[in-house]
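This report refers to the structure that appears directly beneath it.
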């Protein structure tokens with residue numbers, strides 16, 4: 001079986017799928033067709049979990065036809081956002097190859113810009129139409145939480161018969177085998193709040209400085225573990241009491257460290 005992942009900008013969720021497939025059945029082949037950057041180019045790791053990487057370039061339809069023909073693709077697992085590539089796959093291969101649509105984000109519900117460097121042009125009406133078509137025409141739909149399906153139903157979209165939630169689980173290899181001793185002094189400290197993930201300083205969706213300041217002002221101890229180091233947040237921690245900035249950690253070390261909280 002050869003599964004083709006398709007996504008404008010590959011993300012960590014796809015890496016978790018790939019690791020799960022390899023653990024379940026090592027004979028399953030997985031390749032990736034993409035527009036932006038590979039996982040390793042964007043996150044620093046992940047390309048090794050896929051058999052091949054296929055940039056879609058300026059003519060995604062032609063590239064997808066070539067990829068499917070040359071590689072014996074059995075199933076297409078298309079990830080948004082946006083939903084453009086899922087609809088393209090359905091137009092090209094619908095009825096011939098099963099197509100699974102994975103909803104990472106509902107474009108109709110998102111209010112902030114993406115910060116992955118990918119150019120997403122369009123307007124709300126276009127996104128909503130593409131979103132509905134991708135959901136209703138796919139052979140199956142997967143999403144990250146029941147809340148997404150609640151919004152889908154509220155929007156009036158018709159879900160296919162196969163509609164499943166697959167949460168963003170931690171890969172098994174990142175689960176700590178041993179845990180460090182808990183800091184006994186922690187009981188005498190303020191309530192600690194830990195943020196782990198992407199941060200920015202451009203006023204967008206991931207610019208969390210105002211929120212962190214507000215939490216710190218209320219007496220909470222805010223610990224920041226960025227996916228990538230961000231100097232502006234080190235400056236924030238240097239100037240605002242109760243905010244502690246930690247350097248970016250490898251995933252296996254990160255999951256061990258956050259057991260302290």
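Values computed for the structure shown
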| item | result |
| --- | --- |
| For residue 172: the one exception among (1) farther than 23 Å from residue 17 by Cβ; (2) surrounded by fewer than 11 Cβ atoms within 10 Å (Cβ to Cβ) | (1) |
| Given (1) buried (at least 20 other Cβ atoms within 10 Å of the Cβ); (2) touching a strand residue (DSSP E or B) at 6+ places or on another chain (Cβ under 8 Å); (3) at pLDDT below 95, index of the condition residue 104 fails | (1) |
| Test: residue in the stretch 178-192 that is farther than 25 Å from residue 88 by Cβ, within 24 Å of the chain's Cα centre (by Cα) and either surrounded by 11 or more Cβ atoms within 10 Å (Cβ to Cβ) or modelled with pLDDT of 90 or more (or both) | no |
| Residue check for residue 62: assigned by TED's automatic domain parsing to the domain that holds residue 133, assigned to a helix (DSSP H, G or I) and surrounded by fewer than 15 Cβ atoms within 10 Å (Cβ to Cβ) | yes |
| Within the stretch 225-261, tally of residues that are at positive phi and part of a helix (DSSP H, G or I) | 0 |
| Qualifying residue in the stretch 212-224 (condition: closer than 30 Å to residue 102 by Cβ, in contact with a helix residue (DSSP H, G or I) (Cβ under 6 Å, 6 or more places away or on another chain) and in a strand (DSSP E or B)) | yes |
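The values are calculated or read from the model by the stated rules, or taken from the named source; none is laboratory data. Please read these numbers as outputs of a predicted model, since none were measured by experiment. Heads up, the Cβs are rebuilt from the backbone with ideal geometry, glycines too, and the neighbour counts pull from every protein chain shown.
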